[in-house]
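See below for the structure under consideration.
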Amino acid sequence: MTDLATDQTLATLLRIANALERIAPPARKAADLTLADAFVWHPAGSELAPVAKVNRVALSLLRGVDRVRDTLAENTERFAKGLPANNVLLWGARGMGKSSLVKSVHADTNRRLKGEGSQSGPLPLKLIEIHREDIESLPVLMGLLRPDAHRAIVFCDDLSFDGEDTSYKSLKAALDGGVEGRPGNVVFYATSNRRHLMPRDMMDNERSTAINPGEAIEEKVSLSDRFGLWLGFHKCSQDEYLAMIDGYVGHFGLAIAPETLRQEALEWATTRGSRSGRTAWQYIQDLAGRLGKPLEG
């Protein structure tokens, strides 16, 4: 081969190498969990985006959920201290504070651990949100977190599966079933309106069309078994709804006559056809806006 041919071959190989380098995915960066206490997972770039200010309310303002609040707080504190803890499924009525409770318990746990003031105490607990549509990337996220010294709650809001959706298999493997299993420094918290993470008609359809109805739904229903704690949320009573309203009014210093407040709050719930923590908060936003009072603190 002549020198010219050799040079041309080398030039061609160099162009191919450069082209492959351009289209190759970027090298996965190690997560820097010191940047914030909360992050959002972006699987496209294997990136954990820090959240400067988490959208949450004070734990004391969440009313009507005392039992599940205490159970979740206890599980979270044990985990933050390096003790065994369970994955948690918060399921039930819409608008009753499932996701709010996760975020508030996370903040309260860090506040209490910091208050203990031990130099050798646990590092701050991290909260990492993964979107429902990104569940298939959960094993990648788990692998990214596994070597980190911090402990983290991976949190998915409004988790459910429909029809032919098979991404639940990634979740099952990441939580318990895979070869590596769940990292010891990670727990998974999810909220859902469905106890078994799938609609009732989907389960009934599986039963009616399968040769073995029991086995047909067992694989999908067994997903909820990966959660050691099931915390149920139910519709609130009128008294609980009004207690939520009173708590917000006192916390934000909204000036309104008690009888007027009660009348307006009940009318607000009636026009929306439900009483819930979300309905209470929406009324408070309306009230604060009419009073010209920012909701801060």
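The values are calculated or read from the model by the stated rules, or taken from the named source; none is laboratory data. Computed from a predicted model, the values in this text were never measured in an experiment. Cβ atoms come from the backbone with ideal geometry, glycine included; neighbour counts cover every protein chain shown.
Looking only at residues of the range 270-295 that are outside any helix (DSSP H, G or I) and more than 25 Å from residue 235 (Cα to Cα), we find that the one that is nearest to the chain's Cα centre (by Cα) is 295. Looking only at residues in the range 101-151 that are at pLDDT 95 or above and small (Gly, Ala, Ser), which one is surrounded by the fewest Cβ atoms within 10 Å (Cβ to Cβ)? Only one residue fits best here, namely 107. In the range 193-207, the count of residues that are under 17 Å from residue 87 (Cα atoms), aliphatic (A, V, I, L, M), at pLDDT below 80 and assigned by TED's automatic domain parsing to the domain that holds residue 87 is one or more. Counting the residues of the range 49-67 that are within 16 Å of the chain's Cα centre (by Cα) and surrounded by 18 or more Cβ atoms within 10 Å (Cβ to Cβ) gives 2. Looking at the range 71-82, can you tell me whether even one residue there is modelled with pLDDT under 95, in a helix (DSSP H, G or I) and not small (Gly, Ala, Ser)? No, every residue in the range 71-82 fails to be modelled with pLDDT under 95, in a helix (DSSP H, G or I) and not small (Gly, Ala, Ser).
Being closer than 16 Å to residue 189 by Cα and among the aliphatic types (A, V, I, L, M) is the filter; apply it to the range 82-95 and report the residue that is farthest from the chain's Cα centre (by Cα). Here the answer is 85.
The set of residues from the range 143-193 being in a helix (DSSP H, G or I) and over 22 Å from residue 230 (Cβ atoms) comprises 143, 144, 145.
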